[in-house]
1. Picking from B:G205, B:G163, B:G200, which residue would you name as being crowded, with 17+ Cβ neighbours inside 10 Å and modelled with pLDDT under 90?
2. Conditions: (1) farther than 17 Å from A:Q133 by Cα; (2) in contact (Cβ under 8 Å) with a residue 40 or more places away in the chain; (3) hydrophobic (A, V, I, L, M, F, W, C). A:I96 meets all but one. Number of the miss?
3. Just checking, how many residues over the stretch A:15-29 are modelled with pLDDT of 60 or more and not charged (D, E, K, R)?
4. In this structure, does B:I33 turn out to be farther than 18 Å from B:E140 by Cβ, within 14 Å of another protein chain (Cβ to nearest Cβ) and crowded, with 24+ Cβ neighbours inside 10 Å?
5. How many residues are aliphatic (A, V, I, L, M) and within 14 Å of chain B (Cβ to nearest Cβ) if we restrict to the stretch A:125-141?
6. Taking the stretch B:46-61 on its own, how many of its residues are surrounded by fewer than 21 Cβ atoms within 10 Å (Cβ to Cβ) and either over 21 Å from B:F105 (Cα atoms) or within 19 Å of the chain's Cα centre (by Cα) (or both)?
7. Picking from A:I32, A:I44, A:I65, A:I12, which residue would you name as being touching a strand residue (DSSP E or B) at 6+ places or on another chain (Cβ under 6 Å) and at pLDDT below 80?
8. I'd like the full set of residues that are acidic (D, E), closer than 21 Å to A:I44 by Cβ and crowded, with 17+ Cβ neighbours inside 10 Å, limited to the stretch A:92-147.
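The values are calculated or read from the model by the stated rules, or taken from the named source; none is laboratory data. Not measured: the values here are computed from a predicted model. Cβ sites come from the backbone with ideal geometry, for glycine too, and all protein chains shown count toward neighbours.
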Amino acid sequence: MKLLLVVTLLLISMASYGDGIIHREKSLYRNIVVSEKAGKRCLIFSVRREQRNQTCIDIDDPDRIVFPYVRMTFAGLLVNPEPSRGLMIGMGGGTISSVLTSVYPDLTMDLVEVDQAVVNVATEYFGFRKTDQINVHVADGRVFTRRALLRKEQYDLIILDAFTGEYIPEHLMTVEFLGDIKSLLTPDGVVIANTFLGSSLYDHESVTYSTVFGPMFSLKMPGTGNRVIVASRMGLPDNKTLMANAMMLKPAFERYNIDLRKYVPNMNRDPDWNTDKRPLTDQYSPANLLRGR
Amino acid sequence: MPIERRITNWTVLTLAFTSGFIIMSIELLGGRILAPYFGSSIYVWGSIITVFMVALSFGYLIGGHLSLKAPRLSKYGLFFVAAAITAVPTIVFGDALMDWVFLRFEDPRYGSLLAAMLLFFVPTAILGMIAPYSVRLLVEETHHSGRVAGGLYFISTLGSALGTLLTSFYFVLLFEINEILVTMAIALVCCFIIALFVDGKVVDGRVIDRKVESKG
């Protein structure tokens with residue numbers, strides 16, 4: 001009987017920590033899981049359905065960026081290669097802001113994350129450090145944006161990454177919100193958004209962004225499930241400029257094993273979505289329902 | 001049961017069902033309306049639910065008092081039209097109101113609470129008055145009152161359940177928020193017209209009084 005109990009307890013603990021899970025946390029907004037497997041440590045916001053790794057780091061080589069979409073985010077720098085003030089909504093493991101602030105010593109960033117638990121986990125397990133360059137704000141992205149507009153803040157680099165695999169904050173994917181984001185951009189500023197592929201939300205989301213920003217880059221890389229939107233207030237630079245910027249940035253990103261040149265041919269300028277779809281607005285924003293279609 | 005009484009009862013139950021439906025539909029849309037200003041965090045839902053609960057409780061209290069004095073269907077209909085009218089500012093001035101609150105309250109918890117109060121308290125309180133007034137219109141004899149109240153809550157809460165489900169599953173996918181709200185307001189006006197029509201046509205507006213007379 002005692003043996004049975006011991007075996008059962010052992011099985012239960014193996015089941016819950018079997019996939020190399022080293023930390024589990026239920027926050028106000030989601031389940032956060034940190035797993036460690038094959039030398040990689042990953043932050044996962046959901047373990048159901050497809051296991052979506054939100055952010056992974058290489059334990060032996062923390063500079064190596066494991067997750068492709070994180071690398072793709074830097075393609076926005078091809079449009080504005082010298083940002084001085086950044087805003088990031090949704091922090092994940094904090095990798096992107098850490099890389100950016102070490103590549104650009106003069107860059108300061110506002111990091112907005114709604115969930116204190118994500119900030120804690122990023123700090124504890126992913127080596128995220130608050131520095132003089134990084135300000136962390138635990139706040140809703142929409143509320144922060146509104147306040148920033150009232151303060152007449154301006155950013156030349158805005159990254160939108162508030163979307164987990166499971167749930168989209170619908171008020172952060174509307175024409176009105178993106179209009180506010182556009183107003184926060186300096187004339188030469190760039191906005192970078194990590195978005196989804198493969199549901200009717202792709203069409204709606206693309207139409208929403210192009211309604212606000214006009215022409216935009218849609219970056220997809222073979223073998224990834226993400227699309228990164230890159231847009232600006234000034235319109236899009238030509239490929240020669242993109243390539244020149246990629247060359248200029250090459251040395252700085254070498255230690256992260258990122259070569260921005262390979263993104264240039266994949267920076268698509270032409271809509272590959274159904275442009276007749278309805279843009280999402282504060283009045284009409286069923287993003288999560290559209291995802292299932 | 002005389003035919004007039006039966007028609008009155010069905011009218012009251014149908015209208016109570018509609019009001020239950022609309023209360024929850026508006027409550028769910030409340031989350032949508034506040035999100036662009038205050039986010040969609042748990043405290044925003046806390047604000048909305050608090051305001052709806054407080055508004056309903058005062059509505060119950062006031063509706064109960066109002067039912068003491070010569071209750072009749074036509075007066076009952078006035079609750080519906082009043083709720084429709086007081087919902088108009090929510091639709092028309094909602095953004096201006098939330099702008100105003102947003103500028104004055106830094107903390108989104110109190111901001112969302114005040115905004116929810118300004119937007120939803122009055123129409124919800126008026127919709128809350130409908131429940132006790134419905135009981136009064138339905139009750140014929142004291143010893144039946146528990147069963148009558150139970151039946152009424154059954155119907156109106158089922159209406160609430162259906163309003164919740166249809167709004168969150170389908171309406172938000174098919175319509176804009178204001179389209180749904182305007183439709184709700186029109187439905188409330190229709191309820192008012194139905195109440196007036198039944199009041200005038202079937203029971204000459206004195207169903208309760210006549211019962212008392214015929215018994216005496």
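1. On the way: B:G163 fails: modelled with pLDDT under 90; B:G200 fails: crowded, with 17+ Cβ neighbours inside 10 Å.
Result of the check over B:G205, B:G163, B:G200: B:G205.
2. With respect to (1) farther than 17 Å from A:Q133 by Cα; (2) in contact (Cβ under 8 Å) with a residue 40 or more places away in the chain; (3) hydrophobic (A, V, I, L, M, F, W, C), A:I96 is out only on (1).
3. Taking the stretch A:15-29 and keeping what is modelled with pLDDT of 60 or more, we get A:19-29.
From what's left, not charged (D, E, K, R): A:20-23, A:27-29.
Going through the stretch A:15-29 one residue at a time, the tally reaches 7.
4. Working: farther than 18 Å from B:E140 by Cβ: yes; within 14 Å of another protein chain (Cβ to nearest Cβ): yes; crowded, with 24+ Cβ neighbours inside 10 Å: yes.
Answer is yes for this residue.
5. Pass one, the stretch A:125-141, residues aliphatic (A, V, I, L, M): A:134, A:136, A:138-139.
Next, only the ones that are within 14 Å of chain B (Cβ to nearest Cβ) stay: A:138-139.
Summing the residues that are aliphatic (A, V, I, L, M) and within 14 Å of chain B (Cβ to nearest Cβ) in the stretch A:125-141 gives 2.
6. Step one: filter the stretch B:46-61 for residues surrounded by fewer than 21 Cβ atoms within 10 Å (Cβ to Cβ), giving B:46, B:49-50, B:53-54, B:56-58, B:60-61.
Restricting the remaining residues to those that are either over 21 Å from B:F105 (Cα atoms) or within 19 Å of the chain's Cα centre (by Cα) (or both) gives B:49-50, B:53-54, B:56-58, B:60-61.
Adding up the residues that qualify gives 9.
7. Numbers: A:I32 fails: at pLDDT below 80; A:I65 fails: touching a strand residue (DSSP E or B) at 6+ places or on another chain (Cβ under 6 Å); A:I12 fails: touching a strand residue (DSSP E or B) at 6+ places or on another chain (Cβ under 6 Å).
Just one listed residue meets the conditions, A:I44.
8. So the first thing to find is which residues in the stretch A:92-147 are acidic (D, E), and the list is A:106, A:110, A:113, A:115, A:124, A:132, A:140.
With the extra rule that they be closer than 21 Å to A:I44 by Cβ, the set shrinks to A:113, A:115, A:124.
If the condition is that a residue be acidic (D, E), closer than 21 Å to A:I44 by Cβ and crowded, with 17+ Cβ neighbours inside 10 Å, then A:E113, A:D115 are the ones that fit.
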